[in-house]
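The structure appears right after this line, and notes come after that.
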Amino acid sequence: LAGEKFLYLYLLSTAKMVQMTLLHGLFEWSASSLSALGALSLFVNGDVGTAQYIGECALQMQERCESEAGKATTFASFYVFLFHHMKPLQSLSKLFLEGYQSGMRTGDKSAAMICLFSYVFLQYVIGKPLKMIEEQCKVSVSQMEELKEGEQALCQKISWQFYLNLMGLSNETVELRGKAMDETGVEFTTLSHAMFVLTKVNAYSLFGEYELGARMALKRADKQVLSLKGGSFRSMIFLFHRSLCLYAMVRKNRKKNEKYTAEASRIRKQLTDSLKEQNPNVLHYVSILNAEHEALEHKKNQEGDVCRLYNDAIIMSARGGYTHDAALAQE
């Protein structure tokens, strides 16, 4: 099952489990179902405050449960899909590891591998050394395959090959082909295809293949999984690099690319609105995109203002620990 039909079925089954808790009291999966309901409510209604309240109730419920069963799933739902709208990403590392360890103790291997994959990806987002991340990918893929968690293993391989490309340990740049995987002929699931699209757009942006990135950005593929509200914390970096590719194409040919301008501005507004709702993890993204926008709009006597915006974006990125984004703004 995939797409909207899966979403509706998942919503119904989740709501049913929450109803069972309200009627009959706590059971092993009470907290995880409530946490999932919070994530779904954010996707459907877009209300961060309501989703946060539901998610925090789920965490309190989890603490009251005598059994640890379901804890990994609760953590996966809350910390992958909700937490980044409220708290800095840097505080997630220990929580993902806790969810992974809990899942391994209780036999909830699927949730454990989601937490593990999210932990490793988070290290890239917050600017940890690529060599360390690459080593973590190798170990985690081995474990995922041993546990027969193929979907998570494929998602991790996609990221792993991207890191190898960035490190110069592959003959490719934007093609995911090398030690970790070969994108040719891969049969993707909904989740792994979303990860593939995210990674490709990221690669197009970082390696300067802006036209390819802009074309993929306009397709709006995998919007359900990569939505800012309701998608995982990875959606922020996806939207950011989508917008960078689009702005780059506008600079290349301003007259013929109104569609690029409109989409770039739409994404910038999405991230700006999220910042206004107190999302602490998009400030440097918004700062860089604001500088990109002003670089297109400025007049000849306003170059100094644009330079100040870029310098502010570099400082904000570096202070937040997003070293690779600071380097990107420097370019």
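Things worth noting here:
- Checked against (1) crowded, with 19+ Cβ neighbours inside 10 Å; (2) more than 18 Å from the chain's Cα centre (by Cα), GLU258 passes all but a single condition, namely (1).
- Inside the stretch 27-54, residues that are of a type in the set (Gly, Ala, Ser) and closer than 11 Å to GLY230 by Cα make up a count of 6.
- The requirement of being part of a helix (DSSP H, G or I), open to solvent by less than 10 Å² (accessible area, probe 1.4 Å) and among the hydroxyl-bearing types (Ser, Thr, Tyr) is not satisfied by SER265.
- Those helices (runs of 4 or more DSSP H) lying entirely in the stretch 166-252 with at least 2 residues touching a residue at least 60 places away in the same chain (Cβ under 8 Å) and open to solvent by less than 10 Å² (accessible area, probe 1.4 Å): 234-252
- On inspection, THR272 qualifies as surrounded by fewer than 20 Cβ atoms within 10 Å (Cβ to Cβ), out of contact with any Ser or Thr (no Cβ under 9 Å at 6 or more places or on another chain) and at pLDDT 95 or above.
- Residues in the stretch 55-67 that are crowded, with 18+ Cβ neighbours inside 10 Å and under 21 Å from the mean Cα position of the chain (by Cα): GLY55 only.
- Against the numbered list (1) out of contact with any Pro (no Cβ under 8 Å at 6 or more places or on another chain); (2) under 19 Å from LEU228 (Cβ atoms); (3) open to solvent by less than 20 Å² (accessible area, probe 1.4 Å), ASN281 comes up short only at (1).
The values are calculated or read from the model by the stated rules, or taken from the named source; none is laboratory data. Since this is a predicted model, take the numbers as computed values, not measurements. Note that each Cβ is placed from the backbone with ideal geometry, even for glycine, and that neighbours are counted across all protein chains shown. Please note that ligands, DNA and RNA were not included when accessible areas were found on the heavy atoms of the full protein model with its side chains. Shrake-Rupley method; radii C 1.70, N 1.55, O 1.52, S 1.80 Å.
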